[in-house]
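Taking it in order: structure first as structure tokens, then the write-up.
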Amino acid sequence: MLSQEDVNFIENSLSYEDKVSLIFLLYGHRNPQYALQILTVAGRASASEETNFLVDWMNYVHQSSDWEEELLEVLTIMEQNLLLLRAGYDDEELRLKFFPRTAEIAFFVHPMPKGLYHFCERLQDKDASNLINQLQRSAGIPLQQNQYMEIALLHLICNENIQLGMKQAGQESNLLLLTAACKAAELYDENDFLKSIVSHFNRHICKRSQEQSDASIKKIPNTADVSGRHSPSVSVIRKVQTTESPLESYPFHPERAGIVLLINQFSFYRETNPELIELLPARPLKDRKGTEVDKNALINLFTEFGYALVLEENNTHHQILQAVQHAVQRIKPMHYSLIVCLLSHGQEGKVFGSNSIPVEVKAIQQLMAHERLTGKPKLLIVQACQGADVQSAVPIPNHEHDGLAGEERTASVFMDFLVAWSTVPGFASIRHIEKGSWFIQELCTKLRQLYESEHIMDILTAVINDVASKRGYGNECMVPIVQSTLSKKFYFHRRV
């Protein structure tokens, strides 16, 4: 539990720039006018002079049981790792809890200020100055070029040029003025970023509004007259319901979840069949140390979601295809989905059998695209390289990658399909020899923490965001890629 002394220590360990961000995240949606007053006072104070606005905020929201979690989430978003450590908190644990780099997802803070904070962090000084000029012309607010972007945003919020929205009240967010200014300033990536966070926030508002509308419709009595005709008002309501319904969700229940096939390739040998030798990679494939951690994480996760597990290990290229075919044949009409997880070495569009012969991933997809799975979601999760390129060629003691260079690229062309690769084509996939792969570990963490509120595509967005922010000891990095033809939202549920 944070004490007043802890809060004082946190506040007076921050620079004025950090205080601007902190006040924006804490007060931006509550009282932006007061936030501007606080920042005016803080800006006039000398570097050695203490301020106490954070203690005031603590007293202001102390009746809320979540105030401490909100403050910790804000500090984690701001990446005040050293400060959190000095205050006695595990910064890594907080990152796993709050997903600070995923702009669309927030737990205790308002998601729109969080998204706007990330927006400000993306801007170069020159771009921020140009944007403030554009906003001054379009909004007519006397903004200053040397202002912090968060302060300019607070002015816009106060004048209702920016509407953050409120989920509880069903109020949508509106950043049209800001997105228009980004477009005028030729900040097209930032414009797309803002549209993304608004869309994510408003999508949940629309979903809640639809649920409330559905509930009210159910309460409307049957007003049919003796001839069986309905009154016009009821007909109109039903028409609106059918034409403006949100995207549907695939049915799912953990008692009938389906099959998860996990193919875990640990050790490899060189095929001796003369007809296949020409398919062998130039160099022998190393054992995949750390894959056991990934295997156990996936088993525990999908077992909790009710899936029947089929585990295959060290399969040859032919056995991989056989295993997929057998898993498909085990799908019954009552099952809701099929998931195939491939953990192996790879190259673009291919994974290796234990005999070092590659299998095309699109051949696996063709087997999964069986008529008995029509209309059911089919997920293919691939932890393997799609090439040999890495951010840095410096060898490191605890990280390896899963593959070689290659040529062919694959893409999903089947309905209700999702293929999630650990890395984009042409690049290596990083695996820690003790802790497992970055991609699989983040995937399991995000699924376990977000499955109750988010569907699979939004969860994978969070996975991509966090994996892309990781760095190896030699500054290696990687970016997962998702290809989807899912036609509905796919939510998991855990066994009771």
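The values are calculated or read from the model by the stated rules, or taken from the named source; none is laboratory data. None of the values given here were measured: they were computed from a predicted structure. Using ideal geometry, Cβ is built from the backbone for each residue, glycine included, and neighbour counts are taken over all protein chains shown. Each accessible area value is taken on the protein alone, full model and side chains, heavy atoms only, with ligands, DNA and RNA left out. Shrake-Rupley method; radii C 1.70, N 1.55, O 1.52, S 1.80 Å.
Points 7 angstrom from Cα along the Cβ direction at Asn314 and Met166: gap in nanometres?
6.3
Which one, Cys120, Ile132, Tyr89, projects farthest toward the positive side of the charge dipole computed for the stretch 19-164 from Cβ point charges (K/R +1, D/E -1)?
About the Cα centre, the residue reaching furthest to the positive side is Ile132.
Once you have the Cα-Cα distance between Asn59 and Asp189, take 0.36 nm times their residue separation minus that, and quote the gain in nm to one decimal.
Working: separation 130, 0.36 × 130 = 46.80 nm, distance 3.93 nm.
Gain in length upon complete extension: 42.9 nm.
If you bin the C-alpha pair distances of the stretch 87-208 every 5 Å from 0, what whole percents do you get?
Going from the shortest bin to the longest, the percentages are 2, 11, 20, 22, 18, 12, 9, 4, 1, 0.
Going down the list Lys446/Lys488; Lys114/Lys295; Lys114/Lys378; Lys167/Lys295; Lys332/Lys488; Lys289/Lys362, which pairs span over 31 Å between their C-alpha atoms?
Lys114/Lys295; Lys114/Lys378; Lys167/Lys295, as the Cα separations exceed 31 Å there.
So for each of 343-352, 278-287 I average, over its residues, the number of other beta carbons within 10 Å; can you give me the resulting order with the highest mean first?
Going by the mean number of other Cβ atoms within 10 Å, highest first, we get 343-352, 278-287.
Once both labels are modelled 7 Å past Cα along the beta-carbon direction, what's the Lys97-Leu82 spacing in nm?
Distance between the two pseudo-spin positions: 2.3 nm.
Largest first, what is the accessible-area ranking of Glu304, Glu68 with a 1.4 Å probe?
Putting Glu304, Glu68 in descending order of accessible area: Glu304, Glu68.
Please report, as a whole percent, how much of the solvent-accessible surface of the stretch 57-210 comes from carbon and sulfur atoms (probe radius 1.4 Å).
43
Give the distance, in whole Å, between the Cα centre of the stretch 250-264 and the Cα centre of the stretch 71-100.
35
Can you give me the Cα centroid spacing of the stretch 433-465 and the stretch 276-298 in angstrom?
Cα centroid of the stretch 433-465 versus Cα centroid of the stretch 276-298: 22 Å apart.
Label the stretch 448-496 by shape, choosing from rounded, prolate and oblate, from the square roots a ≥ b ≥ c of the eigenvalues of the Cα gyration tensor; if a/c is under 1.5 it is rounded, and otherwise prolate applies when a/b is larger than b/c, oblate when it is not.
oblate
Can I get the semi-axes of the stretch 72-155's equivalent ellipsoid? Compute them from the C-alpha gyration tensor as square roots of 5 times the eigenvalues, in angstrom, largest first.
30, 13, 10
Placing +1 on the Cβ of each Lys and Arg and -1 on the Cβ of each Asp and Glu in the stretch 1-55, which of Gly43, Val55, Ser3 has its Cα farthest towards the positive end of the resulting dipole?
Gly43
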